[in-house]
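The values are calculated or read from the model by the stated rules, or taken from the named source; none is laboratory data. Keep in mind that what you see is a predicted model, and the values were worked out from it rather than measured. Because the Cβ atoms are built from the backbone with ideal geometry, glycine has one as well, and the counts that use them run over all protein chains shown. Keep in mind that these areas ignore ligands, DNA and RNA; they rest on the heavy atoms of the full protein, side chains included. Shrake-Rupley method; radii C 1.70, N 1.55, O 1.52, S 1.80 Å.
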Number of protein chains: 4
Amino acid sequence: MTTVGILGATGYAGGELARLLYGHPNVRLTSVASAECIGERLGDFFPHLAPLDLTICDELDDVDVVMGALPHAVAAKLLLPWIDRGKFVIDLSADFRLKDVSEYERWYGVEHPRPKLLRQAVYGLPELHRREIVEARLVASPGCYPTGAILALAPAVAKGLIEKSVIVDSKSGASGAGRSPTVTTMLAEASEGISAYGLSGHRHMPEMAQELSLLAGEPCRVTFVPHLLPTARGILTTAYACLSEKGRSLGQQGVREAYQEFYHDEPFVRVAATPPQTKHVRGSNFCAVFPTVDERTDRLVVVSCIDNLVKGASGQAIQSMNLMLGLPETAGLEGLGLYP
Amino acid sequence: MTTVGILGATGYAGGELARLLYGHPNVRLTSVASAECIGERLGDFFPHLAPLDLTICDELDDVDVVMGALPHAVAAKLLLPWIDRGKFVIDLSADFRLKDVSEYERWYGVEHPRPKLLRQAVYGLPELHRREIVEARLVASPGCYPTGAILALAPAVAKGLIEKSVIVDSKSGASGAGRSPTVTTMLAEASEGISAYGLSGHRHMPEMAQELSLLAGEPCRVTFVPHLLPTARGILTTAYACLSEKGRSLGQQGVREAYQEFYHDEPFVRVAATPPQTKHVRGSNFCAVFPTVDERTDRLVVVSCIDNLVKGASGQAIQSMNLMLGLPETAGLEGLGLYP
Amino acid sequence: MTTVGILGATGYAGGELARLLYGHPNVRLTSVASAECIGERLGDFFPHLAPLDLTICDELDDVDVVMGALPHAVAAKLLLPWIDRGKFVIDLSADFRLKDVSEYERWYGVEHPRPKLLRQAVYGLPELHRREIVEARLVASPGCYPTGAILALAPAVAKGLIEKSVIVDSKSGASGAGRSPTVTTMLAEASEGISAYGLSGHRHMPEMAQELSLLAGEPCRVTFVPHLLPTARGILTTAYACLSEKGRSLGQQGVREAYQEFYHDEPFVRVAATPPQTKHVRGSNFCAVFPTVDERTDRLVVVSCIDNLVKGASGQAIQSMNLMLGLPETAGLEGLGLYP
Amino acid sequence: MTTVGILGATGYAGGELARLLYGHPNVRLTSVASAECIGERLGDFFPHLAPLDLTICDELDDVDVVMGALPHAVAAKLLLPWIDRGKFVIDLSADFRLKDVSEYERWYGVEHPRPKLLRQAVYGLPELHRREIVEARLVASPGCYPTGAILALAPAVAKGLIEKSVIVDSKSGASGAGRSPTVTTMLAEASEGISAYGLSGHRHMPEMAQELSLLAGEPCRVTFVPHLLPTARGILTTAYACLSEKGRSLGQQGVREAYQEFYHDEPFVRVAATPPQTKHVRGSNFCAVFPTVDERTDRLVVVSCIDNLVKGASGQAIQSMNLMLGLPETAGLEGLGLYP
C-alpha cells in the first residue's frame, strides 16, 4: 500500500491530514514529523487522533508521498530533498503557488530557494488544473481563502460574465490563523464579535489574481478583505463583480445555469439550492456555491462556503494526491458535513 | 422629570431601551407596554432588568415621550394616537423611515396608514439630521444595517470621494432578527458558522439608498448583502466603492483625514486607529469607522462597527430623544463598550 | 445488502443517522420518513446531506432495520407495527428505556401503549448490555445525558469504589434540545452564556438511576443537573461520588487502573490521558473518560465527554444495529473527532 | 475629587476597572501603569476605552486609592510601598487573601514578602465582611470563582442548613484565564466545546474553604472543579451539599426563604425567580443566586451567576473602595446586565 508522511503534523493542517488519511482506503499514513513534541504519540498531542498509533519524529521515514504542512519558507527548505528524490510532494504552504518569483518574494519577504520549480509545480485546484495534477510530482495546494474565492468566481470569469475587477469579502474561522497563540486569536478577544484584517494587503490576494487572470486570459484585479469569525472552522466568501454585457443578458437564471454547467461533473462543488452556511460543509471536502444577480446594480454576487481545513487545506491536498496516484478522486473524502 | 414610555417592551429593542433609560439622569421610564405577558413584572420577564420596578401593561400610561419598539405596521397604528396628541414620538420600526410611500409599500407589503406623516417624520440619524431632530416631534429611528452602512459611507459620499454605486457587505449578530423563535436563528443552527441571506433584496437597502442619495444630491445605488453571525450582538459593515478622481487624488491619508474632519465633533462616531472589532463598541452607542484605500484597484474600503441594539436601535433612539428634549446629546449614553 | 429506514428523518438524530449511514459499508439507507416536508429531497431539507438521493416520505418502505428518531409517545406508536412484523427496531426515544412502566408514565406523562415490551426491549448501551443487544430485536437506545453519566460512573459502581448516591453535573450543547424553535434555545439568548435547567427533576435521571442500580445490585440515587452550553454539540459530564473504603484504598492511580481495566476492550471508550474536551470527540462515536480522586475530600470525580448526537444518540444506535446484525461493531463508526 | 490609579491596566481586570471608573460619579481615574506598552494611550491599547484620556506609564502618579490588577507575587511587591504610605489599597490578586501564610506559599509557590499583612488585610467580599472593609486600608479582593461559590453557599453555611463538605462545580468564560495567550485559550481550541481543568487542585479552593469555614465556625471541606466555557465572560457555579437535619426540615420553600432573608439588604445579590443565565448579569456587579432542594437525595443544589470581571473582580473591588471611602456602596456600579 502507498505510504504517506506528514511534515508538520502538529499544526492544524497536519492534524487534519492525519484525521482524513486515517479513513483513507488506499494509502497508509506511516510517518509524522514535527519540530515540536518529538517522541510524543500523535494521539497524546491531538487527543482526537488517539486511535492512530504514530509517534512524532523529527524526520520522516521513507514514504511514497510527502505532505508538507509547514509554514512558508520552512516548507520549501524541508521539501526540496523529497522533490529531488522524485517523491510525490504536496505542499500546503505558499512556497510553490505563485508562478512569478518576484511576487512571491515581495509578499512573503523571503528569497525563494529554487525559483525554477515554480513553473514545474502545479497549482492544486482540481477544478481548474485536474489534468496537470494527474501528471504532477509537485503540487502547490491552494490557500484557504483563494480556494473559496476562485471557486466562487471561476465560472463567471471563464465564461466572460463579469468585468475583470472583483471584490472578495471573506469571513474565516480562527483555525485559519494556525495554532500559534496570539492575543488576537484568543477566545476572550475574538469570540462574540468579528473584525476585518489585512486591509493593507493580504498574502492570499496575489494567488486569487494569478488564477483568475489565467482563467480570464487577461489581468484580473482583486480587492480582498478577510474577516476573523468567532468560529473554529469555515470560510464564507461573498464575491462581487460588475456583470459584463453577456452576464447581464443571461440574468439570474442564466447565470445560475452557467454555474451548474461549469461544475456539472465536479465531485466536490455543488451549486446550492439555497444560500449555504459554512456548517453545511464543515469537516467535509465540499464547496457550496450560490450565484445571484443583483439586477438593480447589475452586479454578480456569489456566496461560497468551504471548510478552511478540508477543501481549504488538507482535504484538497488529498484530492490532489488521489489524482497524482491514479486513485479515485474522492477516496477518503466522502465524509459529509457535520451539521449542526 | 420627563416621563418616557415604551411600546413593545418585551422585544430586544424594548428591553435595551429599558436598560439604557434606567441609567438616564434626566428622564424617567414610567410605563412599559406589550402585547404579551401583561401583568408580569418587567424584571421577571427580562431578569437583567430586575432592579426596574415596572409592570408590563397592555397600554401605556400618559407619558411625555413614547418610544415605539414594535414591528412595522403595528408601530404606525399604535403610535398614531400619540402623534396626534402631540407627544414626542420616536419610532424604532421602519414605518416612518422612507420618504416615498410607494417604496414603503413595495418593500413592506402593507398600506401606509398616514402617508403624509412620512414627510414630517425626521430620519433619526443625528450625524446627518441633527438640526431637524432638534425640531422634531416624530423621529423615525434608523434601521440597524443602515446606521452602520450610512456612517461608513457618509463622509465619502458627502465629499464626492466615490462613485455613486456602492457595495455594503454587513455581518450582524442574531439579536437583529428579533426575539421570535425561528429554526434559522436557533443556537444549534446558527452557531459555529455564518450564512448570507436576503440575497434577492433586503428591506434595509432602500433606506441606505435614500439617505446616501440625499447626501450625494443624486441617485446612489446600493448592493446590500447581510450575513448572520454566530454572536448575539454587533454589526460589522464592510463597504466598497470605486474612488472618484477626487478620492484617488486624496489617497489613503487624505481619505482618512476627510473622515476625521467629517466626524470631528461627533460624540459617538470615532475614526478608529486600527481595524475595529464589534466587541469594542458592544453595549455602547459608539460607532467605530475605519476607512482605507485599495490603491491596486482604486477602491474605497470602509469598515464600521456598531452594536445593533444600541447605536443601531435603542441608543440611537435615546440620542434623538435627548436632542428633541434639549438635553445633552450624550445623556444616559456614556457607557463604554463591554470588552472582552 | 441490509436495508435501513429512518422514522423522523428531519430531526437532528434523524439527520445524524443519515450522515453516518451514508458511510456505512454494510447496510444501505433506503427510506426516510417524517411528518414534515413530505416529498422534499432530504438533501434539500438538510443541505449537508445533499449527496444522498432520498426523498422524504410519510411512511417507510419495507426495510430490514427501522431506526426510530421520533419524540417519545409518537415513537412507540409508530414503531409497534414494525416490532410486530419482527423487524430489527432501534428506538432512540425514551419509550422503551425504563423497565418500570410506572416510572415511565410518571416522568413522561403518557400511558405506555405496550408495557410488556419494556421487559423485552434491551437498553442499548453496548458497554453494559452487549450480549443482550446481540440477541435483541428491539433496542431502546439510551438518552444522551445517561450515556455520558453511566459511562463516567459504571466502572466505579461495578467495582464498588463509591457510595451509592452520586451527583451528575452535565453540560450539553443546544442540539440536545432538538430542532423545534423555542426562545430559550435561540442563538441570541443562549449564546455567550450558560444556564442550568431541569432543577426540579429531569427525565433522564431515572434512566441513570435504573442502570447504575442494576450495575450496583442495590439502589443508586442520583442528583442530576443539566446545563445548556453555547455550542451546537457535545456533552461534558462531571460526576461526583463519595469513595467507598475500597475506593479510598485504591487512590488516584488504582482508580485509574480500575477504569482502564473496565474499558480495556471497548472500541469506543477511552480513558483519557489528560482532561478531555468535548471537541475531541465531536462528530465521532467515542467517549473519553477521565477519573480522578480528590484526596482532600475522599471523593471520586470523573469527567466524560461525548458527542450528544453520535455516542449520545445516532452513533450508538448504529453501534447496537451492528451488534444485532452480526456486523463488526465499529462498522460505519470509525470517523475521528472533528478538532478543532 | 478622590483620585484612583490602576497598577496593571493592560490586563482584563485593569481594563474593566478603567471602564467602570470612567462612569463613577465620585472618584476620578487619573493614572494607569503597566509593564507593557508604556507611553501608549490606554484608548489605543484597549479601543473600547478610547474616550479615556490617559497614557500608560511605568509608575503611578500620586493617587488616593491604588487598585492592584497584577499577577500574584508581583502584586504584593508593587503594592507594598503604597500600603506603607497609608494609601487605600485594593489588591485584586491572591497575595493578601489567605490568612494562613503556609497555605499561600503552598498553593502559589512563592514566599510572601510581608506575612504580617495577611491578618491586617480584609477579604473584600462585602456580603460577609462589610464592616471590616469600611475600616480597612488594605483589601484583598476575592477571586472570581470564590466569589461565585461563597455567595452560592454562604446562607446555607451560616444558617447550618448543610453538612460541611461541599462540591463546587464552576464554569467560567475564558477571560478568567487572563490576557496572556496560550494554546488552551485560543478561540480555535476552546470554542464550540467545554473542558474541565485544575482537577488535581486549583488555587481558588483554599479561599473558598477559608471563608466557608470562618462562616461555619468549623472546618468546611471543598471539592472544586472549574471548567472552561466557550464565552468571554461569566461564571456559573453549581454547588452541591448534603442537607443537615435543619436543612431537610426546611425543605425547598424554607431554604429559599432563608436565602432571601440572608441577602435581603444586599444591593448586588438577588435570589432569582428562575434559574439564572450568566448573561443576565454580564457587565454588571450583580450576583444571581438560585437555591433548590433535591428531595430525592436530600441535597442542596445552588446555582449562582456572576460576571467574572465585574462582581468577580473589578466591580467588587470598586464596591469595596466605595465602602472604604464612605461613598454609596453602589456608586459607579448601577449598570444592568447586557442581555442578550
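By the helix-only formula, in which each DSSP H run with n ≥ 4 contributes -39500 (n - 2.57) and the sum is divided by residues, chain B has a 222 nm mean residue ellipticity of -9500 deg cm²/dmol. Ligands, DNA and RNA aside, B:Cys144 has an accessible area near 20 Å² when probed at 1.4 Å.
Of A:Asp64, A:Asp294, A:Asp91, which has the largest mean-square fluctuation in a 10 Å C-alpha GNM of chain A? Greatest mean-square fluctuation among the candidates belongs to A:Asp294.
Taking other residues whose beta carbon is less than 15 angstrom from the beta carbon of B:Pro275, and scoring Lys, Arg as +1 and Asp, Glu as -1, yields 0. Dipole of the stretch D:189-340 computed with +1 at Lys/Arg Cβ and -1 at Asp/Glu Cβ about the Cα centre; of D:Leu333, D:Ala273, D:Pro230, farthest Cα towards the positive end is D:Pro230. Computed over every Cα-Cα pair of the stretch D:145-309 and binned at 5 Å starting from 0, the pair-distance distribution P(r) comes out as 2, 9, 18, 21, 20, 15, 8, 4, 2, 0 percent.
With distances taken between every two different alpha-carbon atoms, the stretch B:231-340 has a Kirkwood hydrodynamic radius of 14.9 Å.
Looking only at Cα atoms, what is the convex hull volume of the stretch A:1-146 per residue, in Å³?
Per-residue hull volume (Cα only) is 117 Å³.
Taken over the stretch B:221-272, the ratio of Cα radius of gyration to 2.2 N^0.38 Å equals 1.47. This model, with +1 at the C-beta of Lys and Arg and -1 at the C-beta of Asp and Glu, gives the stretch A:201-331 a dipole about its Cα centre of some 460 debye. Once all Cα-Cα distances of chain D are split into 20 Å bins that start at 0, what whole-number percent is in each one? Result returned by the calculation: 32, 59, 8, 0. Legend: mean number of C-beta atoms from other chains within 10 angstrom of residue C-beta atoms, peptide D:293-301, equals 5. For chain C, the dipole from Cβ point charges (+1 on Lys and Arg, -1 on Asp and Glu) about the Cα centre works out to 460 debye, to the nearest 20.
Carbon and sulfur together cover what percent of the accessible area of the stretch A:145-309 at a 1.4 Å probe radius?
Of all accessible area on the stretch A:145-309, carbon and sulfur atoms account for 50 percent.
Considering the stretch D:124-163, its Cα convex hull presents a mean projected area of 3.1 nm². Amide H contacts under 5 Å for C:Met186: B:Leu187, restricted to partners 5 or more places along the chain or on a different chain, H placed in the peptide plane at 1.01 Å from N. What the phi angles of the stretch C:107-117 give under the Karplus curve with 6.51, -1.76 and 1.60, with θ = phi - 60°, is a coupling list of 7, 9, x, 9, 7, 7, x, 7, x, 5, 5 Hz, glycine and proline written as x. Interface residues of the stretch A:229-244, defined as a loss of at least 10 Å² in heavy-atom accessible area between the chain alone and the complex of all protein chains with a 1.4 Å probe, are A:Leu229, A:Pro230, A:Thr231, A:Ala232, A:Arg233, A:Leu236, A:Thr238, A:Tyr240.
Applied to the stretch A:39-47, the Karplus parametrisation 6.51 cos²θ - 1.76 cosθ + 1.60 on θ = phi - 60° returns per-residue 3J(HN,Hα) values of x, 7, 6, 4, x, 8, 5, 10, x Hz, with x for Gly and Pro.
Each residue of the stretch C:4-14 was assigned a 3J(HN,Hα) from its phi angle through the Karplus expression (A = 6.51, B = -1.76, C = 1.60, θ = phi - 60°), giving 10, x, 10, 8, x, 7, 9, x, 5, 5, x Hz with x at Gly and Pro. Counts of other chain beta carbons within 10 angstrom of each beta carbon in peptide C:103-113 average 0. When accessible surface is computed with a 1.4 Å probe, chains A and B are found to bury approximately 3900 Å² between them, both chains counted. Taking the alpha-carbon distance from C:Lys99 and a cut-off under 29 Å, which lysines remain once sequence neighbours fewer than 8 residues away in the same chain are dropped? Excluding near neighbours in sequence, the set is C:Lys77, C:Lys87, C:Lys116, C:Lys159, C:Lys164, C:Lys171, C:Lys311.
Per-residue surface analysis assigns C:Asp53 an accessible area of about 130 Å², computed on protein heavy atoms at 1.4 Å probe radius.
Other residues whose C-beta falls under 11 angstrom from the C-beta of A:Asp307 contribute a net charge of +3, scoring Lys and Arg +1 and Asp and Glu -1. Per-residue mean of foreign Cβ neighbours for B:156-169 is 2 (Cβ atoms of other chains, 10 Å radius). Its Cα centre serving as origin, the stretch B:104-149 has a Cβ charge dipole (Lys and Arg +1, Asp and Glu -1) of approximately 140 debye. Ligands, DNA and RNA are left out, and with a 1.4 angstrom probe the accessible area of the protein assembly as shown is 32 Å² per residue.
Our analysis of the protein assembly as shown gives Rg over Rh at 0.95, with the two radii drawn from alpha carbon positions and Rh computed by the Kirkwood formula.
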